[in-house]
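Peer 1: After the C-alpha cells below, expect a handful of questions from me.
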Amino acid sequence: MSRSRVVGLAALLLVVSLPLRAQEPEQQDRMAKLDIKTRGAVELLVDSAVAEGLPTQPLRSIALLGITRKADGRQIVAAVRRELILLRTARTALGRVDETELTAAAAVLEAGAKPTQLATFKNKQRGRSDLQAFTVWADLITRGVPGEDASSAITRLWDEGADDATFVSLWNNVQSDILRGLNPGTALQNRIREAPLRPPTTKGPQTPEGQENARSE
Amino acid sequence: MLTRPRDSFIALDVTFAGRGWVIKQDMSDDAADVQRVLAGDVEAYAALVDRYYDRCARFAIRMLGNRDDAEDALQATFLRAYRALNRYQERDRFSAWLYRILVNQCRSVAARRAHRERVFVREEALLLNAPDRSPVWTGEDEEFVQRVLNELDPLLREAFLLKHIEEMSYEEMSALTGVGVSALKMRVKRACDRLRERWERIQHD
Amino acid sequence: MTDSDQHPYVEWIASEARRPVLMDPGARDRIMAAVRAEPVPTPVPAWRRLLQPRVFHMSPAGSALLAAGLVGIGVLTGVATSNRGGRAAEHPRDVAVLPSQPPVSSPDTMYKFVIVAPQAGKVSLVGDFNDWDVAKTPMTRAGQSGLWTVAVPLSAGRHLYAFVVDGTTWVQDPSAPIAPDDGFGHANSVKLVVGGSSL
C-alpha cells in the first residue's frame, strides 16, 4: 500500500474515532463538504489546538472560508496550519490572553511583525485593551507600510499610553492619505508626527510637551 | 507660448541659507523642464529622466541589493514624480523632491519583498539582508561591497547611503526622510560602527 | 564629505559604493513609454497649492451620502477587484472614506453593514459570524442609490468579513481596517465589537 494511502486511511480512522470537537451541527454539515483527507487533516490540527489550550474556532472558520472560496484541500490545510502556528507564536509572545486578543495578535504576526515586538503588550494594565492597536497595526502593514515603521510606531504609541481613539484616528488619517495616492510609509511618517503622544488621562503628571515619562502606572 | 531653451537661466532662485545668500543655478534646467512638461511637452520629461536616472539607480541598487527590485523602484519613482509634477514647487530643489519619492519607493519595494518572502514563525533578521537574485555585477569588489551593505539594517543603510554616497547634508536628509537630524546622525554612526565591526571580524578570521 | 575620524575601511566601502552602476539601457525607454501613456499633469494655481496637502477628494456619490447624514460607511462607486497575495485591493479612484461614527445599535447588538455598489445584481455579506456562507446573509438594495444593507447580530470580539458581489467578486469594506491575506487570496475586513461600540 502506498504511503499516502496509509496516511489517508489513518486520518480517516482518526476522524472517525476522534470525538469531533464541539462544533455546531451546521458547521459540521459544511465541513462535510471537504474531502476526507482534508477533513482529517483539519481535525487533527484542531485537536492539536485543543491539546495546547489554543482556540479552535479561528481554525474552523478558516476551513469554512476555504470551502466558500472553493480552495483545494491542500490550500485549506496549509491555511489552517498556518493559523495554528500563528496562534501558538502569539501565545508564546503574550502569554495567556483571551481568544479575541490572540487572533488579533496572530494577524499582526501574519502581516509581518516580529514576535519580539509583541512583547511590549504583555502584562498590560488591567482594563487596557490592545485590540484596536493590533487591528490598526496589522492593517497598516497589509496596506504597504514597511513592517519596521508600523511596528515601531504602534509600539511607541502604546508605550506612551495611547488610547483606542488615538489608534482609530491614526488609522483613519493614514488610510485616507493612502487612498489619495500617498506612499504608505510616508503617510504613516506624516501622521505619526501629528499623533498626540500623551492622550488625555486623569492619571499621572503631564509635562507641557507630554513627552516625558509620565506613565499612567 | 514661450519655449525656453534648456540651458538658459530663467530666474535665479535666491535663498538665504546658512550664513549667506545662495544662488541655486542648477535649478534653472530642472525647473525649465518641469515647466515644459506642464505646458504639454511630454518629451521634456525625458530630459529630467536622463539627468537623474543614473544617480537614482545607484541609490536604488545599493539600497535594495538587486537590479530587479531597483528597476521596480525606479520605474515607480519616475512615474510618481511625473504624476506629481504639478505639485513640485520651484523653491524646492528638484533632486531633493525626487529623492524623497525615490527613498519611499525603495522602502515600499523592500516591504513588498519582505512580505512575499518572509517565514513568519521564526524570529529572524530582516530578510532584506539576503540578496535573492543574482545580479549582473561589474566586478568582484562591487559584489562584495553590496553584500556588506546588504547586511546593514535597512534604516541604517538608507542613512549611510544618503550621507556618504549621495553626500547630502543632514538637513537635506531630514527634510527628505522626515526623521530628525540627531536620529539620522545616530543611524549613520551606527552604520559606520557596524561596518567597522565587520572589518575587525575579517581581520581576526 | 568624510568625517575626520572616518575609518579607512568605511571610507573604502563608501567610495566603492559611489561608483556608477550599469543599468539595463531599455529601462529609461520603458519609463518614457509609461509616461506617455499617462494624462499630462496640469499645473495647479499657486493659491490652490496651499490647500493641497489637506484636500480630501470625495466622489459625487460620497458627497451626496455625506449630505444625507450617512457616515461611517464605505462608499464603493466601482467594484474593486479581489486581491492576490494578500495586498490591499486597488481602490478605484472615486472611493471615499468617510469618518466613522458609533453605530446605531440596539441592546442586542445588531450591526448594520452598508456598501454602495450601484452596478451589482446581488450582494452578500460573509464573515466568521455566518460561517462565510454566501447564501446566509443576502443584502437588500435600498431604492435607487445603489446602497445595499443588512443588519446582523454580532457577539463581542473581533470579526472578519467581506462583501461578495454577484456571487464571485470579493470586496473589502473601504471604511474598515483589513486583516492580512486569509490564505485564499483576499484580505478581509475587520470589525471589532467591544462593549457596544465598534470601529
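The values are calculated or read from the model by the stated rules, or taken from the named source; none is laboratory data. Source: prediction; values computed, not measured. Cβ: placed from backbone, ideal geometry, glycine included. Neighbour counts: every protein chain shown.
Peer 1: Quickly run through the range A:19-73 and pick out the residues that are in contact (Cβ under 8 Å) with a residue 12 or more places away in the chain and charged (D, E, K, R).
Peer 2: Selection gives A:ARG21, A:ARG30, A:LYS33, A:ASP35, A:LYS37, A:ARG39, A:GLU43, A:ASP47, A:GLU52, A:ARG60.
Peer 1: Another question, if that's okay. Out of the residues in the range C:134-147 that are within 14 Å of chain A (Cβ to nearest Cβ) and aliphatic (A, V, I, L, M), state the one that is nearest to C:SER189 (Cα to Cα).
Peer 2: Filtering the range C:134-147 down to residues within 14 Å of chain A (Cβ to nearest Cβ) leaves C:134-137.
Next cut, aliphatic (A, V, I, L, M) only: C:134-135.
Numbers: C:VAL134: 16, C:ALA135: 19 Å.
The selected residue is C:VAL134.
Peer 1: Another one. Would you check which residues across the range A:105-117 are surrounded by 24 or more Cβ atoms within 10 Å (Cβ to Cβ), at the interface with another protein chain (Cβ under 7 Å from one of its Cβ atoms) and within 8 Å of the chain's Cα centre (by Cα) and list them?
Peer 2: Once the filter is applied, which keeps residues that are surrounded by 24 or more Cβ atoms within 10 Å (Cβ to Cβ), at the interface with another protein chain (Cβ under 7 Å from one of its Cβ atoms) and within 8 Å of the chain's Cα centre (by Cα), the range A:105-117 yields A:ALA107, A:GLU110.
Peer 1: Residues that are assigned to a helix (DSSP H, G or I) and surrounded by fewer than 20 Cβ atoms within 10 Å (Cβ to Cβ): does the range A:118-136 have at least one?
Peer 2: Quick first cut of the range A:118-136, residues assigned to a helix (DSSP H, G or I) only: A:118-121, A:131-136.
Now narrow it down to the ones that are surrounded by fewer than 20 Cβ atoms within 10 Å (Cβ to Cβ): A:119-120.
For the range A:118-136, residues assigned to a helix (DSSP H, G or I) and surrounded by fewer than 20 Cβ atoms within 10 Å (Cβ to Cβ): present.
Peer 1: Return the total of residues in the range C:1-40 being surrounded by 12 or more Cβ atoms within 10 Å (Cβ to Cβ), at pLDDT below 85 and within 15 Å of B:VAL49 (Cβ to Cβ).
Peer 2: Within the range C:1-40, residues that are surrounded by 12 or more Cβ atoms within 10 Å (Cβ to Cβ), at pLDDT below 85 and within 15 Å of B:VAL49 (Cβ to Cβ) number 2.
Peer 1: Does A:VAL168 count as closer than 22 Å to C:SER189 by Cα and part of a helix (DSSP H, G or I)? Reasoning before the result, please.
Peer 2: Working: closer than 22 Å to C:SER189 by Cα: yes; part of a helix (DSSP H, G or I): yes.
Taking the combined requirement at face value, the residue satisfies it.
Peer 1: Among the residues of the range A:73-93, count how many are more than 10 Å from chain C (Cβ to nearest Cβ) and surrounded by fewer than 20 Cβ atoms within 10 Å (Cβ to Cβ).
Peer 2: Within the range A:73-93, residues that are more than 10 Å from chain C (Cβ to nearest Cβ) and surrounded by fewer than 20 Cβ atoms within 10 Å (Cβ to Cβ) number 6.
Peer 1: Given the criterion crowded, with 18+ Cβ neighbours inside 10 Å, charged (D, E, K, R), at negative phi and at pLDDT below 90, identify the matching residue among B:ARG67, B:ARG62. If you could, list the steps in order and put the result at the bottom.
Peer 2: On the way: B:ARG62 fails: at pLDDT below 90.
Only one candidate passes the filter, namely B:ARG67.
Peer 1: Starting from the range B:166-184, keep only residues that are farther than 19 Å from A:ALA187 by Cβ, then list their pairs with residues that are β-branched (Val, Ile, Thr) whose Cβ atoms are within a distance under 8 Å, requiring at least 6 positions of separation or different chains.
Peer 2: Going by the 8 Å Cβ cut-off, the qualifying pairs are B:TYR170/B:VAL181; B:GLU171/B:VAL181; B:MET173/B:VAL179; B:MET173/B:VAL181; B:LEU184/B:THR177.
Peer 1: Given the residues A:ALA71, A:ALA107, A:ALA79, A:ALA63, which is the only one that is closer than 18 Å to C:GLY183 by Cα, in contact with a Pro (Cβ under 8 Å, 6 or more places away or on another chain) and either part of a loop (DSSP other than H, G, I, E, B) or of a type in the set (A, V, I, L, M) (or both)? Steps first, answer last, please.
Peer 2: Values: A:ALA71 fails: in contact with a Pro (Cβ under 8 Å, 6 or more places away or on another chain); A:ALA79 fails: in contact with a Pro (Cβ under 8 Å, 6 or more places away or on another chain); A:ALA63 fails: in contact with a Pro (Cβ under 8 Å, 6 or more places away or on another chain).
Within the list A:ALA71, A:ALA107, A:ALA79, A:ALA63, the selection yields A:ALA107.
Here is a yes/no grid of residues against (1) assigned to a loop (DSSP other than H, G, I, E, B); (2) more than 9 Å from chain A (Cβ to nearest Cβ):
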position	(1), (2)
C:GLY121	yes, yes
C:VAL152	no, yes
C:HIS159	no, yes
C:PRO174	yes, no
C:ASN188	no, no
C:VAL193	no, yes
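Peer 1: Right, here's the next one. Taking the range B:70-85, which residues are surrounded by 17 or more Cβ atoms within 10 Å (Cβ to Cβ) and over 17 Å from C:ARG28 (Cβ atoms)?
Peer 2: Matches in the range B:70-85: B:LEU85 only.
Peer 1: Same structure, new question: Would you confirm whether or not the range C:126-133 contains a residue that is within 8 Å of another protein chain (Cβ to nearest Cβ), over 25 Å from A:GLY73 (Cα atoms) and charged (D, E, K, R)? Even if it seems obvious, please write down each step before you answer.
Peer 2: Filtering the range C:126-133 down to residues within 8 Å of another protein chain (Cβ to nearest Cβ) leaves C:126, C:128, C:131-133.
From what is left, the residues that are over 25 Å from A:GLY73 (Cα atoms) are none.
The answer is no, given that none of the residues of the range C:126-133 is within 8 Å of another protein chain (Cβ to nearest Cβ), over 25 Å from A:GLY73 (Cα atoms) and charged (D, E, K, R).
Peer 1: Evaluate the range A:65-80: report whether one residue or more is modelled with pLDDT of 95 or more, in contact with a Leu (Cβ under 9 Å, 6 or more places away or on another chain), outside the structural domain of A:GLY147 (by TED's automatic domain parsing) and under 27 Å from A:VAL145 (Cβ atoms).
Peer 2: yes
Residues checked against (1) surrounded by 12 or more Cβ atoms within 10 Å (Cβ to Cβ); (2) in the same structural domain as B:ALA159 (by TED's automatic domain parsing); (3) modelled with pLDDT under 90; (4) within 23 Å of B:GLU172 (Cα to Cα):
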{"position": "B:PRO5", "(1), (2), (3), (4)": "no, no, yes, no"}
{"position": "B:GLY18", "(1), (2), (3), (4)": "no, no, yes, yes"}
{"position": "B:TRP21", "(1), (2), (3), (4)": "no, no, yes, yes"}
{"position": "B:ASP29", "(1), (2), (3), (4)": "yes, no, yes, yes"}
{"position": "B:TYR45", "(1), (2), (3), (4)": "yes, no, no, no"}
{"position": "B:TYR53", "(1), (2), (3), (4)": "yes, no, no, yes"}
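Peer 1: Conditions: (1) touching a Leu at 6+ places or on another chain (Cβ under 9 Å); (2) in contact (Cβ under 8 Å) with a residue 60 or more places away in the chain. C:VAL194 meets all but one. Number of the miss?
Peer 2: In the conditions (1) touching a Leu at 6+ places or on another chain (Cβ under 9 Å); (2) in contact (Cβ under 8 Å) with a residue 60 or more places away in the chain, C:VAL194 misses (2) alone.
Peer 1: Next question, about the same structure. Quick one: in the range A:94-104, which of the residues that are at the interface with chain C (Cβ under 10 Å from one of its Cβ atoms) and either small (Gly, Ala, Ser) or in a loop (DSSP other than H, G, I, E, B) (or both) is farthest from A:ASP149 (Cα to Cα)?
Peer 2: If we take residues in the range A:94-104 being at the interface with chain C (Cβ under 10 Å from one of its Cβ atoms) and either small (Gly, Ala, Ser) or in a loop (DSSP other than H, G, I, E, B) (or both), then A:ASP98 is farthest from A:ASP149 (Cα to Cα).
Peer 1: Pairs under 9 Å by beta carbon, first residue more than 16 Å from C:MET110 (Cα to Cα) in the range C:121-143, partner among the acidic types (Asp, Glu), six or more apart or different chains?
Peer 2: Pairs found: C:GLY121/C:ASP166; C:LYS122/C:ASP166; C:VAL123/C:ASP166; C:SER124/C:ASP133; C:ASP131/A:GLU24; C:ASP131/A:GLU26; C:ASP133/A:GLU26.
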